[in-house]
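Asks: This is the structure I have questions about; it appears just below.
Read-outs throughout are calculated quantities, based only on the coordinates presented, and are distinct from any laboratory measurement. Quick caveat: nothing in here was measured; it's all calculated off a predicted structure. Here the Cβ positions follow ideal geometry from the backbone for every residue, glycine too, while neighbour counts run over all protein chains shown.
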Amino acid sequence: MKMGIFYGSSTGNTEVAAEKIKEQMGEFVPDEIVDVRNASPEQLLEYDLLFLGVSTWNIGDMQDDWDEFLPRLEEIDLTGKKVALFSMGDQDGYPYNFLDAMGELWEMCKARGASLVGVWPTEGYRFDESRALHDEEHFVGLGLDEDNESELTDDRIRDWLLKVVEELGFDVSAAAE
């Protein structure tokens, strides 16, 4: 299974998360991660699993690079592709739109035929509303909050990646020990 990591980052936090995902996934991902600012939608078609990283800005807005990329995504068919989403948000400053951009990105991918892996529990987060809800107890992907819970980022990424690869059928028993 060929895996690619694509991200958009304004402050560098989403890029750092993408680099941590690449580091933990090791040989499964290519040598470079891709900033959507420099990507074409056709590049997504080269991979079976797409790790897509986005952040929510202002009051529920999409990160600028993704905002420019999304209309071009409408040109491609993602049927057969699996998508694992990770996102930055500020649950204390913006509890009424926490991780909204991740929800918007998933809606676009779903409309293009992609399937979702890596839903993540909402337990332990403080927020009132989010467009990124998969159901009442899960987000559509991994939520990260560098502003308020940076000390949880590494563990959350590790645990989420174990969940993703397990959902894909990889044997993670040795890695989990």
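Asks: Hey, could you check the stretch 83-131 for residues that are touching a helix residue (DSSP H, G or I) at 6+ places or on another chain (Cβ under 8 Å) and polar (S, T, N, Q) and say which is farthest from Asn13 (Cα to Cα)?
Replies: Among them, the one singled out is Ser130.
Asks: Looking at this structure, is Ser9 within 13 Å of the chain's Cα centre (by Cα), polar (S, T, N, Q) and either in a helix (DSSP H, G or I) or closer than 22 Å to Arg126 by Cβ (or both)? Can you show your working first?
Replies: Numbers: within 13 Å of the chain's Cα centre (by Cα): yes; polar (S, T, N, Q): yes; either in a helix (DSSP H, G or I) or closer than 22 Å to Arg126 by Cβ (or both): no.
It is false that Ser9 is within 13 Å of the chain's Cα centre (by Cα), polar (S, T, N, Q) and either in a helix (DSSP H, G or I) or closer than 22 Å to Arg126 by Cβ (or both).
Asks: List the number of the failed condition for Ala111; all other conditions in (1) within 18 Å of Val140 (Cβ to Cβ); (2) in contact (Cβ under 8 Å) with a residue 12 or more places away in the chain hold.
Replies: Answer for Ala111: the failing condition is (2).
Asks: Another one. Consider the stretch 76-116. How many of its residues are outside any helix (DSSP H, G or I) and either surrounded by fewer than 18 Cβ atoms within 10 Å (Cβ to Cβ) or of a type in the set (Lys, Arg) (or both)?
Replies: We begin by selecting, within the stretch 76-116, every residue outside any helix (DSSP H, G or I); these are 76-99, 112-116.
Then keep just the ones that are either surrounded by fewer than 18 Cβ atoms within 10 Å (Cβ to Cβ) or of a type in the set (Lys, Arg) (or both); that gives 76-77, 79-82, 92-93, 95-96, 112-113, 115-116.
Qualifying residue count, the stretch 76-116: 14.
Asks: I need the full set of residues from the stretch 117-134 which are of a type outside the set (Ser, Thr, Tyr) and either farther than 19 Å from Met62 by Cβ or buried (at least 21 other Cβ atoms within 10 Å of the Cβ) (or both), in order please.
Replies: We begin by selecting, within the stretch 117-134, every residue of a type outside the set (Ser, Thr, Tyr); these are 117-121, 123-124, 126-129, 131-134.
Matches in the stretch 117-134: Val117, Gly118, Val119, Trp120, Pro121, Glu123, Gly124, Arg126, Phe127, Asp128, Ala132.
Asks: Can you name every residue in the stretch 52-75 that is surrounded by fewer than 18 Cβ atoms within 10 Å (Cβ to Cβ) and touching a Pro at 6+ places or on another chain (Cβ under 9 Å)?
Replies: Matches in the stretch 52-75: Arg72, Leu73, Glu74, Glu75.
Asks: Would you point out which residue out of Glu137, Glu151 is closer than 30 Å to Asp77 by Cα and surrounded by fewer than 17 Cβ atoms within 10 Å (Cβ to Cβ)?
Replies: It is Glu137.
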